[in-house]
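Each remark here refers to the structure printed beneath this line.
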Amino acid sequence: MIRIGGHEFSDPIIIASGILPDVANYIENFCKKYKPSAITTKTFTLDPLEPHYPPTLIKVHEGCYINAIGLGNPGIETINSINTECPLIASVGGKSIDEIVKAVERIRNDKVVIVELNLSSPNRAGYGQDMASYVGEIVKNVKGITKLPVFVKFGPWDNINELVGKALANGADGVTLINTVKVLSVDIYSAKPLLKYGTGGLSGKCIHPLAVRIIKEVYEEYSVDIIGMGGVFDWRDAVELIEVGAKLVGLGTVIIDKGPNAITEIRIGLQNFLSEKGLKIKDLIGIAVRK
Ligand SMILES: Cc1cc2nc3c(=O)[nH]c(=O)nc-3n(C[C@H](O)[C@H](O)[C@H](O)COP(=O)(O)O)c2cc1C
């Protein structure tokens with residue numbers, strides 16, 4: 001069991017934001033069939049947002065993808081229609097502090113156990129990473145209107161510890177690391193970007209060592225609760241993120257690339273590793289960082 005805020009997670013394997021469609025029925029069935037320990041919703045904004053024009057998702061190398069969905073979503077009210085047995089982590093974004101606070105205020109679904117503030121998506125001007133510099137004020141205001149634990153999701157940036165420090169100083173309960181990395185791929189024949197939007201966010205195997213480094217740096221500095229993600233494709237990748245400080249591990253691109261059976265494979269591999277070593281999950285968290 002892993003405790004965050006008032007909630008006990010049955011094991012560390014959860015679904016990362018933006019991976020499942022924002023359709024209540026789909027999430028309910030996915031939960032029943034594959035039983036992740038929690039499901040993070042797609043990032044919801046106060047009002048609906050149109051996605052960018054396709055192509056919005058391309059494979060660039062084995063296990064590596066670039067996406068620019070652009071936070072398209074049907075609006076925060078959708079979250080209140082999801083009636084699932086799985087705990088939900090509500091991902092929320094916006095282009096102003098006021099909009100983010102108002103969106104969090106609308107959450108009434110009692111399956112939501114954590115609010116995750118998306119201050120890191122690189123794929124829509126004015127949203128996501130463009131809001132990261134306001135992290136202190138955003139967290140302070142959101143903490144003022146919700147009793148739920150508040151996590152802030154960041155990207156793999158050089159000023160990560162400064163931003164995490166501001167989040168924690170204003171009451172954040174933890175951080176989610178990492179979001180996708182802003183990149184560009186060009187079609188050499190048309191000399192145009194492969195994604196219609198231009199740039200995109202790199203995810204999957206190509207970013208795994210980056211996630212390991214960033215999580216380690218943050219855990220070493222703050223020993224804070226971390227939801228870790230970034231290129232987890234098998235149980236060894238999950239163990240690695242836990243050993244550098246992740247308490248929960250998000251699966252993203254692997255679900256798109258290999259399908260949802262990856263959940264059970266990774267969970268069983270992790271359980272076998274723990275029982276071979278005679279360890280409990282809490283013994284493993286941060287073991288590569290603690291001196
Ligand atoms: C298609 C796609 C859509 C995503 N949408 C969101 C999103 O709406 N909000 C968010 O915070 N992260 C989003 N992400 C980022 C993932 O939640 C995750 O942080 C990132 O992909 C790294 O994990 P991975 O390498 O296991 O995919 C998205 C990723 C992908 C591949």
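The values are calculated or read from the model by the stated rules, or taken from the named source; none is laboratory data. The structure displayed is predicted, hence computed values, not measured ones. Cβ: placed from backbone, ideal geometry, glycine included. Neighbour counts: every protein chain shown.
Some notes on this structure:
- Filter result (of a type in the set (D, E, K, R) and in contact with a Leu (Cβ under 8 Å, 6 or more places away or on another chain)) within the stretch 30-49: 42
- Residue in the stretch 261-282 that is in contact with a Gly (Cβ under 9 Å, 6 or more places away or on another chain) and either of a type outside the set (D, E, K, R) or free of Cβ contacts under 8 Å to residues at least 24 places away in the same chain (or both) present: no
- Residue that is surrounded by the most Cβ atoms within 10 Å (Cβ to Cβ), among those in the stretch 203-231 that are of a type in the set (Lys, Arg) and either more than 9 Å from the ligand (Cβ to nearest atom) or at pLDDT below 95 (or both): 216
- Extreme residue, surrounded by the fewest Cβ atoms within 10 Å (Cβ to Cβ), among residues of the stretch 126-159 that are assigned to a helix (DSSP H, G or I) and β-branched (Val, Ile, Thr): 145
- Members of the stretch 30-77 that are without any contact (Cβ under 8 Å) to a residue 40 or more places away in the chain and in contact with a Lys or Arg (Cβ under 7 Å, 6 or more places away or on another chain): 76, 77
- Among residues of the stretch 189-202 that are modelled with pLDDT of 95 or more, those with a beta-carbon under 6 Å from a residue that is within 13 Å of the ligand (Cβ to nearest atom) and among the small types (Gly, Ala, Ser) at least six positions away or on a different chain give the pairs 195/68; 197/68; 200/68.
- For residue 98, the conditions (1) within 16 Å of the ligand (Cβ to nearest atom); (2) of a type outside the set (A, V, I, L, M); (3) not in a loop (DSSP other than H, G, I, E, B) all hold with the exception of (1).
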